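Some notes on the structure that comes next.
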Amino acid sequence: MSTLQGKTALVTGASRGIGRAIALRLARDGANIAGLDIKDDLLEETGALVREQGVEFLPITADVTDFDNMKAAVGQFTEAFDSLDIMVNNAGITRDNLLIRMSDEDWRAVISVNLTGVFNGIKAVARPMMRQRSGRIVNIASVVGMVGNAGQANYSASKGGVIALTKTAARELAGRGINVNAVAPGFIRTAMTDELSEEARESALGQIPFARFGEAQDVAAAVAFLAGPDSSYLTGQVIRVDGGMVM
Amino acid sequence: MASDVRERVISLIAERMDVDPDQITDDTHFVNDLQSDSLDMAELVIDLEEEFDLSISDEEAQKIETVGQAIKHIEESQQ
């Protein structure tokens, strides 16, 4: 099954975790991949796995919080590939703390990467996609952006922002044949959730009807659907991949 | 030089709006004649900024309604 044969995708935060899984899944479906990350040390690991799928891989080192960086990254992309079909805004960080204990720095850092980063990503790919009159943008949100989560004021606000941004971008870009959707993961087994305390883990599992954490591949499958031909009539939507946690 | 600006602007608009350059005159109105929407105008302004290496503010951009006004704006900015 090569539903994305001949397509090209730019994935931010592709070094590890969900970003790597997305890059691999889109590669398996036939797309050539550019993996973007702020550090290049683990990007080549993703690259090697992507190339094993028989597609091209372009590593790009860039900071999503800096628009000029992202513009240059898209320039590198369009030089290497003929079109820019799929953009996955996945790069994200956490700096958890209770609201009353959260520093200004931790607030800003998370908003900057998770929300401004998505804005910069969309803005950077919007023009080439508008010219093509086609494109798929998939933003990685989170269910905590819909229901909140104690200890994640910054993260939940950033992800709620991503959901609103997704809907606005969907409205603005629909006239140019560009679909903009979001995937909202619940608790997914990654380095980010490995840091959870035993207590937090137990409490999280109690809220999930499937009573287990999801895998990065579960998120990647939803992204592949939104990036592929079967979702052409979807835009401005949020698909929750959370084991039924939020309904 | 002036005619050069005119030619470049018209060819840009013709390409962007997918119309025959011969049908574009100074009086051609972006919205009424070329059916431009706000996204078309935003794109066109960015194209003009890149082509002529200048910056057009949102306020100035809003005043551009016809092809002639776009040409005039660029000629004046270049002086």
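Read-outs: derived from the displayed coordinates by stated rules, not from any lab. It should be emphasised that the depicted structure is a prediction, and the values quoted were computed from it without experimental measurement. Here Cβ is always computed from backbone atoms with ideal geometry, including for glycine, and neighbour counts include all displayed protein chains.
Take chain A, connect every pair of alpha-carbon atoms lying under 10 Å apart with a spring to form a Gaussian network, then pick out the residue of A:Ala27, A:Ala204, A:Ala62 with the largest mean-square fluctuation.
Judging by the Gaussian network model, the answer is A:Ala204.
Just tell me how shielded B:39-46 is by partners: mean number of partner chain Cβ atoms within 10 Å of each residue's Cβ, no decimals. Don't skip to the answer; put the middle values down first.
Details: counts 6, 3, 0, 4, 5, 0, 0, 1.
Partner Cβ neighbours, averaged per residue: 2.
Determine ³J(HN,Hα), in whole Hz, for all residues of segment A:170-183 in sequence, where each value follows from phi through the Karplus function 6.51 cos²θ - 1.76 cosθ + 1.60 and θ = phi - 60°; x replaces Gly and Pro.
Karplus-based 3J(HN,Hα) across segment A:170-183 equals 4, 5, 5, 9, 4, x, 10, x, 10, 9, 10, 9, 10, 10 Hz.
Relative to the longest principal axis of the C-alpha atoms of chain A, give the angle of the C-alpha long axis of helix A:67-80, reported between 0 and 90° and rounded to the nearest 10°.
Between the helix axis and the principal axis of chain A, the angle is about 40 degrees.
Would you mind calculating the relative contact order of segment A:8-241 from Cα pairs under 8 angstrom and at least 6 residues apart, reporting the percent as a whole number?
On the way: 474 pairs, mean separation 45.7, N = 234.
RCO, segment A:8-241: 20 percent.
For segment A:45-89, what log10 I(q)/I(0) values come out of the Debye formula at q = 0.21, 0.33 1/Å, with one point per alpha carbon and no solvent?
Each listed q corresponds, in turn, to -0.82, -1.20.
Using only the C-alpha atoms of segment A:1-140, find the volume of their convex hull and express it per residue in Å³.
On the way: hull volume 14.4 nm³, N = 140.
It comes to 103 Å³ per residue, whole-number rounded.
Would you please give the residues with an amide H less than 5 Å from that of A:Val238, counting only those at least 5 places away or on a separate chain, with H modeled from the backbone geometry?
For A:Val238, whose amide H was placed from the backbone, the distant partners under 5 Å are A:Ala182.
Mind ordering A:124-132, A:77-85 by average Cβ neighbours within 10 Å, highest first?
Details: A:124-132: 20.6, A:77-85: 17.2.
By packing density, highest mean first, the sequence is A:124-132, A:77-85.
As a test of the formula, what do you get for chain A when each DSSP H run with n ≥ 4 contributes -39,500 (n - 2.57) and the sum is divided by the residue count, at 222 nm and rounded to the nearest 500 deg cm²/dmol?
Working: 10 runs with 109 residues, N = 247.
Calculated mean residue ellipticity at 222 nm is -13500 deg cm²/dmol.
To the nearest whole number, what is the average tally of beta carbon atoms from other chains within 10 Å of the beta carbons of peptide A:122-128? Don't skip to the end; give the middle numbers.
Working: counts 0, 0, 0, 0, 3, 4, 0.
Across A:122-128, the average partner-chain Cβ count within 10 Å equals 1.
Average projected area of the Cα convex hull of chain B, in nm²? Let's see the in-between values first.
On the way: hull surface 18.4 nm².
For chain B, averaging the hull's shadow over all directions gives 4.6 nm².
In 5 Å bins starting at 0, how do the alpha-carbon pair distances of segment A:8-241 split up by percent?
Percent of Cα pairs in each bin: 1, 7, 15, 20, 21, 17, 11, 5, 2, 0, 0.
Taking other Cβ within 10 Å of each residue's Cβ, how do A:Asp37, A:Asp106 sort, fewest first? If you can, show how the numbers build up before the last one.
Numbers: A:Asp37 25, A:Asp106 18.
Final ranking by Cβ density, sparse to dense: A:Asp106, A:Asp37.
Take the alpha-carbon centre of segment B:22-79, take the same for segment A:156-208, and report the distance between them in whole Å.
Here the answer is 39 Å between Cα centres.
Which ³J(HN,Hα) values, rounded to whole Hz and listed in residue order, are derived for segment A:12-24 from phi using the Karplus coefficients 6.51, -1.76 and 1.60 in 6.51 cos²θ - 1.76 cosθ + 1.60 with θ = phi - 60°, glycine and proline given as x?
8, x, 8, 5, 7, x, 5, x, 5, 4, 5, 4, 5
Using a Gaussian network for chain A with springs between C-alpha atoms less than 10 Å apart, which of these wobbles most: A:Ala227, A:Ala169, A:Ala14?
A:Ala169
Mind telling me which of B:Ser57, B:Ser36, B:Ser11 comes out most flexible in a GNM of chain B, alpha-carbon contacts under 10 Å?
B:Ser57
A:Ala174 versus B:Gln23, label points 7 Å from Cα toward the beta carbon: distance in nm?
Here the answer is 2.8 nm between the modelled labels.
Which residues' amide hydrogens lie under 5 Å from the amide hydrogen of A:Met87, considering only partners 5 or more residues apart or on another chain, with H built in the peptide plane?
Result for A:Met87 returns A:Leu10, A:Arg136, A:Ile137, A:Val138.
Please arrange B:Ile46, A:Ile60 by how many other C-beta atoms lie within 10 Å of their C-beta, fewest to most.
B:Ile46, A:Ile60
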